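**Q** Below are the structure tokens for one structure; questions will follow.
The values are calculated or read from the model by the stated rules, or taken from the named source; none is laboratory data. Worth saying up front: this structure is predicted, and the values here are computed from it rather than measured. Cβ sites come from the backbone with ideal geometry, for glycine too, and all protein chains shown count toward neighbours.
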Amino acid sequence: MAAPSIVMDSNHQSNWKLTKTEKKFLRKQVKARHTLLRHEGIETVSYATQILVVANGGLGNSVSRNQLLPVLEKLGQVDVLLMPPNKPYSFVRYKTIEESKKAYVTLNGKEIVDDLGQRIILYLNYVEKAQWKELEPQALPPGLKVVEEIISSEDEKLLLESINWTEDTDNQNFQKSLKHRRVKHFGYEFHYKNNNVDKDKPLPGGLPDICNSILEKWLKEGFIRHKPDQLTVNQYEPGHGIPAHIDTHSAFEDEIISLSLGSEIVMDFKHPDGVTVPIMLPRRSLLIMTGESRYLWTHGITPRKFDTVQASRNHKSGIITGDAEDLTLHKRGIRTSFTFRTVRQTPCTCSYPLVCDSQKKEPPPSFPESDKEASQLEQEYVHRVYEEIAGHFSSTRHTPWPHIVEFLKALPNGSLVADIGCGNGKYLGINKELYMIGCDRSQNLVDICRERQFQAFVCDALAVPVRSGSCDACISIAVIHHFATTERRVAALQELVRLLRPGGKALVYVWAMEQEYNKKKSKYLRENKTSQGKKEEINNDTSVQELFVEQMPDMGNRDSACSVPFSNDFQKRSCNSEKVANSRLPIHTNRTSFHCQDLLVPWHLKGNPGKEKYMEPFGPLGTHGPNAVFHRYYHVFCEGELEAACRTLSNVSILQSYYDQGNWCVILQKV
């Protein structure tokens, strides 16, 4: 049922008397408009345009393109329907404004049934342009291949009939019913308790005869390199999935193949640095994982009843892109997978020791118990790491943070400003009216500053060779969290104050433990690891186009965080941290919230795609591959901890304290 026309004619309040139904609809339409602006940055307008945003009509709430487009086309010629992935709204542009007006009046408040059979109400608003964030296109994980129509429909039927799910067997390990799927094993049982097989206890009967004949054919045709001796058959009902995982290195050889029968599915592959690539696996297709895709990337199936797929290539394999003009929903059916593997008889010697259970790794360093140990930890896991990654680190540090720019531009002309821990010097040239000098512990980063014609030198932030009281201002951006004890962090703050003249100001940024603060997630949690994303937009006189490339914030490549918690006088009780003597520093998981304060954060050094080699995670840093992983020490600050540390300093007042995209920040003044 269409909404009252009085609401449709304008977004403004009317002086006419509204009925109870009209008032209720108006409230919901205004709420939808405010929600779009607050959570998605979509600004609606009160006058008619060719473009409408359709709230509740999106892939994210189970409305498919095939369902929505016919409804929209009844009201006029649709130029384009944009359905961003995972969003509960869509954009439609009509050929004329008159057609847009007609849709606005007719469809606003209209009830439709989504693909789950639930009734939802559409709320339409005019917009000047439609824009959404879309990830850069991804490539297939190295070593991954999908072969479509690998078997005939007749063979598919025979394979499915060969599995008797009601069979009662004497071997209790032969068939398992897991929480979300039914499973059968052949050749060897895969034990989910330890994610491995017992190589000394093969199951009787081997692989089914029909599988053996098909595998022989694939070998002959060159699709696979080795004939497997283990088979796991999984049956998935719609809405079921399997957690992201890597098949245990020590259990199976390199080549792992999986045949999809009965229904297509989208499988997600994820790299340790956070990049996720959704892959469409059509019915009767063979997934082949070798090399990096087998050993390094996790793969899993998200539990859901619909998959987002390409509308024009609904049953084809390949990467699911973010092309909002070509996305729709596909309902899952019952899928049966035949996953073939070869049991490994010798330890794994792959090139990915960081994730390999066969290759022994040195334990991570312990939490420092003294100033000497803290200094050694910083030398190995801060100073040496930044020397190694300086070039790649610098390439990710190009966009200044607005609040820091604001601080620098507000300083009086001619001020002498020191950037302590200046990195590649991206803040040294912000305000040409200032005299800025930079210093950093990394010689390679200082060299980059000098190449850019900035004044910079090498020094330790605890001992800056600059005369006391000579600076009008100082900045310390993402530096103090690299010091490994409370005393050393306070000493770094005291050194900033020493440099300031009376009345001088210092701006300090440190990583925040609270990556979700005040109901807002930092970009560290929101964004994908890809350093660049693009916003797509349509406007009233152009087709779908790329609007601009949005750069990631200054925290670009910080991949991980968890820590051995410990207590100090500056922490709030909400941190629940205790000092754990002789405890190992944990390695954080990429793009997740911090659960503890002291940790090692991986940095994935970028090199040639497909040729990644992992260095020993805690060994010497001398020789490594082009895509090595390094670990940096961090102490992430709890709310109030930075302020409390500053209050221990003499002759200092805190002018301002705030949270900025995953950082706790203070502005100090020397009094």
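**Q** Do any strands (runs of 3 or more DSSP E) entirely within the range 236-282 hold 1 or more residues that are free of Cβ contacts under 8 Å to residues at least 60 places away in the same chain, and if so, which?
**A** 242-245, 265-270, 276-281
**Q** For residue 487, state whether it is in contact with a Phe, Trp or Tyr (Cβ under 9 Å, 6 or more places away or on another chain) and among the charged types (D, E, K, R).
**A** No.
**Q** Answer yes if at least one residue in the range 404-425 is basic (Lys, Arg), within 25 Å of residue 484 (Cβ to Cβ) and in the same structural domain as residue 666 (by TED's automatic domain parsing), and no otherwise.
**A** no
**Q** Ok, one more. Take residue 379 and tell me if it is out of contact with any strand residue (DSSP E or B) (no Cβ under 9 Å at 6 or more places or on another chain), modelled with pLDDT of 85 or more and assigned by TED's automatic domain parsing to the domain that holds residue 588.
**A** In short, yes.
**Q** Restricting to the range 144-160, count the residues that are hydroxyl-bearing (Ser, Thr, Tyr) and not in a helix (DSSP H, G or I).
**A** Summing the residues that are hydroxyl-bearing (Ser, Thr, Tyr) and not in a helix (DSSP H, G or I) in the range 144-160 gives 1.
Yes/no matrix, rows are residues, columns are (1) modelled with pLDDT of 85 or more; (2) part of a loop (DSSP other than H, G, I, E, B); (3) touching a His at 6+ places or on another chain (Cβ under 7 Å); (4) not assigned by TED's automatic domain parsing to the domain that holds residue 350:
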residue	(1), (2), (3), (4)
589	no, yes, no, yes
593	no, yes, no, yes
600	yes, no, yes, yes
606	no, yes, yes, yes
614	no, yes, no, yes
619	no, yes, no, yes
633	yes, no, yes, yes
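**Q** Which of the residues that make up the range 653-666 are surrounded by fewer than 19 Cβ atoms within 10 Å (Cβ to Cβ) and part of a strand (DSSP E or B)?
**A** Matches in the range 653-666: 653, 654, 655, 656, 657, 658, 659.
**Q** Would you pick out the residues in the range 363-379 that are loosely packed, with under 14 Cβ neighbours inside 10 Å, in a loop (DSSP other than H, G, I, E, B) and touching a residue at least 60 places away in the same chain (Cβ under 8 Å)?
**A** Of everything in the range 363-379, those that are loosely packed, with under 14 Cβ neighbours inside 10 Å, in a loop (DSSP other than H, G, I, E, B) and touching a residue at least 60 places away in the same chain (Cβ under 8 Å) turn out to be 363, 369.
**Q** Looking at this structure, is residue 427 among the hydroxyl-bearing types (Ser, Thr, Tyr), crowded, with 20+ Cβ neighbours inside 10 Å and assigned to a loop (DSSP other than H, G, I, E, B)?
**A** yes
**Q** Only one of 388, 433, 451 is modelled with pLDDT under 95 and over 30 Å from residue 587 (Cα atoms). Can you tell me which?
**A** The unique qualifying residue is 451.
**Q** Which residue, of 220, 184, is touching a residue at least 24 places away in the same chain (Cβ under 8 Å) and either out of contact with any helix residue (DSSP H, G or I) (no Cβ under 6 Å at 6 or more places or on another chain) or surrounded by 20 or more Cβ atoms within 10 Å (Cβ to Cβ) (or both)?
**A** It is 184.
**Q** Right, another one. Out of the residues in the range 630-651 that are among the aliphatic types (A, V, I, L, M) and buried (at least 20 other Cβ atoms within 10 Å of the Cβ), which is nearest to residue 373 (Cα to Cα)?
**A** Going through the qualifying residues, I end up with 636.
**Q** Answer yes or no as to whether residue 514 is at negative phi, modelled with pLDDT under 95, assigned to a strand (DSSP E or B) and not polar (S, T, N, Q).
**A** no
**Q** Now, a different point. Just one of (1) surrounded by fewer than 20 Cβ atoms within 10 Å (Cβ to Cβ); (2) within 31 Å of the chain's Cα centre (by Cα); (3) part of a strand (DSSP E or B) trips up residue 391, so point out which.
**A** Evaluating residue 391 over (1) surrounded by fewer than 20 Cβ atoms within 10 Å (Cβ to Cβ); (2) within 31 Å of the chain's Cα centre (by Cα); (3) part of a strand (DSSP E or B) leaves (3) as the failure.
**Q** Any chance you could count how many residues in the range 225-245 are surrounded by 20 or more Cβ atoms within 10 Å (Cβ to Cβ) and under 19 Å from residue 143 (Cβ atoms)?
**A** Matching residues across the range 225-245 total 1.
**Q** What pairs come up if the first residue lies in the range 36-48 and is more than 10 Å from residue 131 (Cα to Cα), the second is modelled with pLDDT of 90 or more and in a helix (DSSP H, G or I), and their beta carbons are under 8 Å apart, counting only those six or more places apart or on different chains?
**A** 48/97; 48/100; 48/101; 48/104
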